[in-house]
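What follows draws every value from the coordinates through simple rules; no lab data is involved. Treat the numbers as computed from the prediction; the structure is a model and nothing was measured. Here the Cβ positions follow ideal geometry from the backbone for every residue, glycine too, while neighbour counts run over all protein chains shown.
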Amino acid sequence: MSHTGVSPNAFGGPDELNPETVTRLPKPGAGEVRNRLLVTRAIFTDVSIPKGVDPHVTEVPPFAPGYDMVGVVDAVGPGAARFRLGDRVADLTTVGTLDGQHLTARGPVDARPCGCV
């Protein structure tokens, strides 16, 4: 299954954003879950981070912008016992959600009750 992700080629403005077709899904490692995104949004940090002006972000291109997300767990790595396949989750990621699939470690991921986006 393929999807379209977005990542900057270099720090800069919108001209540096590179839509790309992603055909290989990342596999979750120890303590990680992979989430199929249902909702993400573009906010101010998605402009400032790719420009390289956010002092809290150390990632360098290429990376996918995207500050937060709600998704469904579609793969579970070894030792990630807190979540099961199909669980709805939310996370503040700072970067990474505009790639369509997101790997998340145990950290701030929060389970969402069914019926609540």
Residue among 77, 25, 50 farthest towards the positive dipole end of segment 1-91, charges placed on Cβ:
77
Which whole-Hz ³J(HN,Hα) couplings does segment 12-23 yield from phi under the Karplus relation 6.51 cos²θ - 1.76 cosθ + 1.60, θ = phi - 60°, glycine and proline marked x?
x, x, x, 5, 8, 6, 10, x, 9, 7, 9, 10
